[in-house]
1. Provide the gained length on full extension for the span Ala20 to Ala184, in nm with one decimal, where the gain is 0.36 nm per separating residue minus the Cα-Cα distance.
2. Tell me, what is the percent relative contact order of the range 1-134, built from C-alpha pairs under 8 Å that lie six or more residues apart?
3. Can you pull out the trypsin sites (Lys or Arg not before Pro) in the range 88-197 that DSSP calls coil and that have at most 14 other Cβ atoms within 10 Å?
4. Tally Lys and Arg at +1 and Asp and Glu at -1 over the other residues with C-beta under 15 Å from the C-beta of Phe77: what net charge comes out?
5. Shape verdict for the range 104-197, please, from the Cα gyration tensor: rounded (a/c under 1.5), prolate (a/b greater than b/c) or oblate.
6. So for the range 1-90, considering every pair of alpha-carbon atoms, how many percent are separated by more than 18 Å?
7. Between Arg51 and Ala75, 0.36 nm times their residue separation minus their Cα-Cα distance comes to what?
8. Accessible area of the chain with a 1.4 Å probe: how many percent of it is carbon plus sulfur?
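The values are calculated or read from the model by the stated rules, or taken from the named source; none is laboratory data. All values reported here derive from a predicted model rather than from experimental measurement. Glycine also receives a Cβ, built like all others from the backbone with ideal geometry; neighbour counts cover every protein chain displayed. Areas reflect the complete protein model, heavy atoms only, side chains present, ligands, DNA and RNA absent. Shrake-Rupley method; radii C 1.70, N 1.55, O 1.52, S 1.80 Å.
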Amino acid sequence: MPDSHHRNRMARKKAVVDAAIASADRDKGLLLVLTGNGKGKSSSAFGMVARSLGYGHRVGVAQFLKSRRDTGEEAFFARQPGVQWHVLGDGFTWDTQDREADVASALRGWTVAQTLLQDASLHLVVLDELTYLLNYGYLDATQVCADLAARPAGQHVVITGRAASQDLIGLADTVSEINDVKHAFRAGIRAQAGIDL
Ligand code: ATP
Ligand code: MG
């Protein structure tokens, strides 16, 4: 391909990109949903926590864990100034062995999430693994969506977890579905500190 042809093509491409950038001129507190079966949902959310802290913003994190375990993200972020870190679901497993206890814990956890979603000083709120609580019917989707919609105007929220419901996807501004192409676990490799937890 002659150089001039390539240059012209790139110039046209640049004009289109520049026009798109110029027309995206609004700010908004975003709702992001990171879903799908592949690895990278929670770690992406914690990447945004790091970014926000880099600008000196305050951040709230609620982890709705399937089972309690120590993680690198908690060890690091929970001690950073400007971070509120809540591990919810400690001591039970969301495994519906005792549905009533799971529902009660989910509701208790959601009251903590509500305090984050009402706190205008928080630039970013991460609701890690929230999707399961909605999918199991532990939390009322209408209530959760209403609380998300009523949050302070500039507050960003990231929700992670597999199989995000249509309610959440409909409400979200940005949705990524992370595809599982390969995972080391299936080759017999256990979770690696710093990579998986
Ligand atoms: P991460 O926290 O690494 O970003 P995730 O939030 O996308 O992962 P989860 O479903 O929350 O995924 O699972 C967390 C743990 O399970 C991590 O140790 C991760 O490596 C592992 N994991 C994620 N996806 C898969 C998969 N498809 N197969 C096996 N293990 C997985
Ligand atoms: Mg996760």
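1. 55.2 nm
2. Taking the mean separation of contacting Cα pairs over the length of the range 1-134, I get 28 percent.
3. Lys182, Arg190
4. Net charge around Phe77: -1.
5. prolate
6. Tail of the P(r) past 18 Å holds 64 percent of the pairs.
7. 6.9 nm is the gain from fully extending Arg51 to Ala75.
8. Result for the chain: 53 percent of the exposed heavy-atom area is carbon or sulfur.
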